[in-house]
Every structure is written in structure tokens, then in C-alpha cells.
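None of the figures in this text is laboratory data; all of them are computed from the coordinates on show. All figures in this text were calculated on a predicted structure; none of them were measured in a lab. Reconstructed Cβ throughout: ideal geometry from the backbone, glycine too, with neighbour counts over all protein chains shown.
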Amino acid sequence: MMVGAGLSEMLQAWHEQAAPRGAAESAMPPATNDMRVLVVALDSLARAGLAALLAAQPDSVVVGQSDGSGDLIADLGAYRPDVLVWDLGWDLSKAVERLAELPESAPPVVALLAEGPQAALAWAAGARGLLLRDADGAILVAAMRAVTHGVVALDPRLVGTLMSAQDSPSPSSAGELSARELEVLQLLAEGLPNKTIAQRLSISEHTVKFHVNSILGKLGAQSRTEAVTRGIRGGLIHL
């Protein structure tokens, strides 16, 4: 899948922090430079474990937890986090779509991945911190700190996956486009802009952008026009 041009330029160095100094006393108020973290995970055990891990770190405070299925915009308003840590789980289709629905004004997201091939989807959906789920607390806090300063944070094991996805996109079979992607592709063929597509499908413009990027990657296309052309030739859409 194509993850968008300019990824190599966006990859910046980020350093591992020192080992945790120990959990702060619960009675002490958080320091002013502590990051406010919203933990998101569909699985309740994963959510609780992640919250406990972060609570033991000296530079972060968990302000809330969410399973990602509700009103995330309302959660952002209620908890006012500086960063989201999102465990995408094994079945990431729903989680990635919800991630893509976040507005561009939302706090940055560090996504935890079950396996490397998930990285391209998480990147396309807007995550700017990508770690495998076995990352320890210090690494996780370092990634959180990086993305809050506008720096991309990637597990070194994922860099090759992302770069190869960018540099070597390959056309996929028609059956790999989801039902929603086929709807978006049909509307692209009608010449509709993202805003109108979003209104037609009752989704956000950011989600439309995510689906368009996914379509381009799956069809090995470099533009919307090329995607439509390939869709017509492949019998995916009709004019």
C-alpha cells in the first residue's frame, strides 16, 4: 500500500529515554510538563494493561480511557489529552477507520501494532507514532514526547515496511477493495470532491482522504484519475 510521498523526509531521529525513575506518589499532583494521555483500545484487558504501564511512568498521566467505539470527539473535549496512545489490536479495520475520522486538530496518536504489516494502514490513517506492542514504558513515553513535538516516532523494525510500501506499491485484485472503498471510488468517478463525498456518505473529510489513499495504494495508482481509470478497466465501477 502507498503511504504517501515524503515519508523519508518526515522520518526524524528520536532517542530512547532513560529507564523509569519509579512511579510518583499517587497523592502528588502531576508536574506541569507531564503529558496528558488518553488510552484507546477495544480490548478491555489491553486498555487496562496499557493504562497501568503508563501510570508507572514519571512523565505521563493517564487522564482517561476509551474503547474507541463511542464519540471520540467528545472524549477529546472531556479529557483534553496531549496525546493518544491507541492499541489497534489484531483486527484493525474498524480501529483504523475510527483513527482516520479524527480531525487534523486532534492530538497526535501513537499507535501500537500487533504486527509490522499493519504499519502502512496506521500511517495512512494519521498515526505519527508507530510502535510494536512489545514496546516498554520508557520507549512508549519517548514516542509520546516525540509526536507532541511534531516528530515522527517509528519503531526501527517498522521503517523498512513503511519505506517498501511507499516505494514499491503493487496493484491489488479488485476483491481487496472494501465496500466503502468501492463507494468512494464510484463517487470519485463522478468527479466529486472530498467534501461532497463526505456529505454523501455521512463521514468526515479526513475519513474520505484515508479511503482515497487506501484506494490509490491498492490499485497501484498515482492519482485519483488513474484510480478511476483502473477501476473502470477492472470492472469495479461503471459510468
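What shape does the range 174-233 have by the C-alpha gyration tensor, where a ≥ b ≥ c are the square roots of the eigenvalues, rounded means a/c under 1.5, and otherwise prolate means a/b greater than b/c and oblate the rest? Please list the in-between numbers first.
Numbers: a/c = 1.70, a/b = 1.49, b/c = 1.14.
Note, shape of the range 174-233 comes out prolate.
How much length is gained if the chain between LYS195 and SER105 is pulled fully straight, taking 0.36 nm per residue apart and subtracting their Cα-Cα distance, in nm to one decimal?
Answer, rounded to one decimal: 30.7 nm.
Once the other residues with Cβ under 15 Å from the Cβ of LEU188 are scored (Lys, Arg +1; Asp, Glu -1), what is the net sum? Provide the component values of the computation, followed by the final result.
Numbers: positive: ARG180, LYS195, ARG200, LYS209, LYS218, ARG224, ARG230, ARG233; negative: GLU181, GLU183, GLU190, GLU205, GLU226.
Taking every Cβ under 15 Å from that of LEU188, the sum is +3.
Can you sort THR148, THR161, THR225 so the residue with the fewest Cβ neighbours within 10 Å comes first? Intermediate results must be reported in sequence, preceding the final value.
Values: THR148 18, THR161 21, THR225 12.
Fewest-to-most Cβ neighbours within 10 Å comes out as THR225, THR148, THR161.
For VAL151, VAL62, what ranking results if the residue with the fewest other Cβ atoms within 10 Å of its Cβ goes first?
Working: VAL151 17, VAL62 20.
Result, fewest neighbours first: VAL151, VAL62.
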